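Engineer: I'd like to ask you about the structure that follows.
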Amino acid sequence: MTAAERDRTPVLCGLGSWVPPHVVTNDDLARELDTSDEWIRRRTGIAERRVVEPGTATSDLAVEAGMRALKSAALESVDAVIVATTTPDQPCPATAPLVAARLGLGPVAAFDVGAVCTGFLYGLAAAAGLITSRTAGTVLVIGADTYSTVLDPADRTTRAIFGDGAGAVILRTGSPDEDGAIGPTLLASDGSGSDLIRISSGGSRDPIRAETADQADPFFRMEGQSVFRGAMLHMAEAARTVAEWQGWGVADIDMLVAHQANVRILHAVADRMGLDRERCHVHLDRVGNTAAASIPLALADAVTHGGLRPGHRVVATAFGGGLTWGASAFRWPDITPS
Ligand code: COA
């Protein structure tokens, strides 16, 4: 690696998070649907989730998280904004330019990444690429989703799992020896499983038109058990692989920050890796599955409540619709989430 390349290593330098204030408990859901607090806690580990009020869009959450990440990094501007989301404000245009404008960032590069629950890791890798290619010196990466806006109100399974939120990090240029330097990253997909997590109507395959609207299905659908298996297998494998690429054994990992899908998935991932379950951070009990926001929200919670400290060896991993999955390894930097 040349000296110039060493100076272009992407390094984490800010972290912000935001969840909407409205709490929906399991008992709230049980008043509307055939479910119970006992079933949801036992089968998912989730106790409550946050849900936006009607009229609040994904960009509203993204702006809040972005503002806090800028504050955490003590920066007023960045060179590029990436928003990872599959619940954009509207199908066209992308949400990121709107977020950049509302943050007062000027005419910066801004685009969305759509990789469902793996979106944040795809966004992080894209941001790292912008830095190493000298396209940008600082990048704001926001994972933001409002799945409550695409769930079938009558579907007890998805309504029990998903919540809304946004989390954001900032990458700057630095050196590979620093805490926060983004280490090896793995990204993968398998489109043959694209029907396992889907919104069938409203895209180019099945546009919603007045004459066929009664046959359209505009809601998010998921094949829970297949997704469960895929999430467990791919997150464990991806996490183990990036740790190996980084030169860490499983015992060297201080904290696994895995996509917060279901506490049984998190425990199964830890068990498959041979990692102590205590090292796998759990945040979903309070927010559910927040899709692209899940990893940055879990990182912020890990710093505030989970004992994540500068120098700790972290592996982040995710799995989601596409199918997509990935993982990244880094040592935690000395940053205070905002
Ligand atoms: N309350 C009560 N019963 C529920 C329920 C709820 N909220 N949701 C589902 N059930 C029922 C099912 O209808 C089914 O009933 P049936 O046997 O009469 O058909 C029963 O519980 C068992 O369903 P099953 O799918 O076998 O349960 P499970 O233990 O696999 O748990 C999930 C279901 C969805 C919680 C689990 O599969 C999961 O977490 N999958 C991954 C989801 C995910 O994270 N997706 C995001 C992308 S990564």
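The values are calculated or read from the model by the stated rules, or taken from the named source; none is laboratory data. Predicted, not measured: the structure shown is a model, and the values here were computed from it. Every residue, glycine among them, receives a Cβ derived from its backbone with ideal geometry; neighbour counts consider all protein chains shown.
Engineer: Looking at Ile199 and the list (1) surrounded by fewer than 22 Cβ atoms within 10 Å (Cβ to Cβ); (2) out of contact with any Phe, Trp or Tyr (no Cβ under 6 Å at 6 or more places or on another chain); (3) of a type in the set (A, V, I, L, M, F, W, C), which single condition is not satisfied?
Structural biologist: (2)
Engineer: Only one of Arg205, Arg134, Arg159 is on the phi > 0 side of the Ramachandran plot and of a type in the set (Lys, Arg); which?
Structural biologist: Arg134
Engineer: Quick one: Val315 ticks every box in (1) within 16 Å of the chain's Cα centre (by Cα); (2) over 18 Å from Ala181 (Cβ atoms) bar one, so which box is it?
Structural biologist: Condition not satisfied by Val315: (2).
Engineer: In this structure, does Ile199 turn out to be more than 16 Å from the ligand (Cβ to nearest atom) and in contact (Cβ under 8 Å) with a residue 24 or more places away in the chain?
Structural biologist: Here the answer is no, as Ile199 does not meet what is asked.
Yes/no matrix, rows are residues, columns are (1) among the aromatic types (Phe, Trp, Tyr); (2) closer than 25 Å to Asp195 by Cα; (3) within 16 Å of the ligand (Cβ to nearest atom):
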residue: Ala243; (1), (2), (3): no, no, no
residue: Gly249; (1), (2), (3): no, no, no
residue: Asp254; (1), (2), (3): no, no, no
residue: Ala268; (1), (2), (3): no, yes, yes
residue: Asp301; (1), (2), (3): no, no, no
residue: Thr317; (1), (2), (3): no, yes, yes
residue: Trp325; (1), (2), (3): yes, yes, yes
residue: Ser328; (1), (2), (3): no, no, no
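Engineer: Now for a separate question. Given the conditions (1) on the phi > 0 side of the Ramachandran plot; (2) without any contact (Cβ under 8 Å) to a residue 60 or more places away in the chain; (3) surrounded by 17 or more Cβ atoms within 10 Å (Cβ to Cβ); (4) of a type outside the set (A, V, I, L, M, F, W, C), and given that Gly55 satisfies all but one, which numbered condition is not satisfied?
Structural biologist: With respect to (1) on the phi > 0 side of the Ramachandran plot; (2) without any contact (Cβ under 8 Å) to a residue 60 or more places away in the chain; (3) surrounded by 17 or more Cβ atoms within 10 Å (Cβ to Cβ); (4) of a type outside the set (A, V, I, L, M, F, W, C), Gly55 is out only on (3).
Engineer: Restricting attention to strands (runs of 3 or more DSSP E) lying wholly within segment 1-102, give those where 1 or more residues are at pLDDT 95 or above, within 16 Å of the ligand (Cβ to nearest atom) and more than 23 Å from Asp285 (Cα to Cα).
Structural biologist: It comes to none.
Engineer: Restrict the check to segment 180-187 and report whether at least one residue is more than 19 Å from Ala298 (Cα to Cα), free of Cβ contacts under 8 Å to residues at least 12 places away in the same chain and not in a loop (DSSP other than H, G, I, E, B).
Structural biologist: The answer is no; no qualifying residue exists.
Engineer: May I pose another question? Which residue pairs have Cβ atoms closer than 9 Å, lie 6 or more positions apart in sequence or on different chains, and pair a first residue in segment 231-259 that is among the hydroxyl-bearing types (Ser, Thr, Tyr) with a second residue that is crowded, with 24+ Cβ neighbours inside 10 Å?
Structural biologist: Final answer for the pair search is Thr241/Ala327.
Engineer: List pairs: first in segment 267-285 and outside the structural domain of Ala316 (by TED's automatic domain parsing), second surrounded by fewer than 21 Cβ atoms within 10 Å (Cβ to Cβ), Cβ under 9 Å, 6+ apart or cross-chain?
Structural biologist: none
Engineer: Can you work out which of the residues in segment 125-148 that are within 16 Å of the ligand (Cβ to nearest atom) and outside any strand (DSSP E or B) is nearest to Gly104 (Cα to Cα)?
Structural biologist: For segment 125-148, the residue satisfying everything is Thr146.
Engineer: Counting just the residues of segment 149-169 that are in a loop (DSSP other than H, G, I, E, B) and of a type in the set (D, E, K, R), which one comes out farthest from Cys13 (Cα to Cα)?
Structural biologist: Asp155
Engineer: Given Arg221, Arg279, which one is within 16 Å of the ligand (Cβ to nearest atom) and of a type in the set (D, E, K, R)?
Structural biologist: Testing whether each residue is within 16 Å of the ligand (Cβ to nearest atom) and of a type in the set (D, E, K, R) leaves just Arg221.
Engineer: Additional query: Just to be sure, is Gly191 surrounded by fewer than 17 Cβ atoms within 10 Å (Cβ to Cβ), within 16 Å of the ligand (Cβ to nearest atom) and farther than 30 Å from Asp276 by Cβ?
Structural biologist: For Gly191, the condition - surrounded by fewer than 17 Cβ atoms within 10 Å (Cβ to Cβ), within 16 Å of the ligand (Cβ to nearest atom) and farther than 30 Å from Asp276 by Cβ - is met.
Engineer: Which residue is surrounded by the most Cβ atoms within 10 Å (Cβ to Cβ), if the candidates are limited to segment 148-187 and must be charged (D, E, K, R) and over 16 Å from the mean Cα position of the chain (by Cα)?
Structural biologist: Taking the candidates together, the pick is Arg159.
Engineer: Hey, another quick one. Name the one entry in Ala239, Ala261, Ala231 that is assigned to a helix (DSSP H, G or I), closer than 22 Å to Ala292 by Cβ, within 17 Å of the chain's Cα centre (by Cα) and within 13 Å of the ligand (Cβ to nearest atom).
Structural biologist: Ala231
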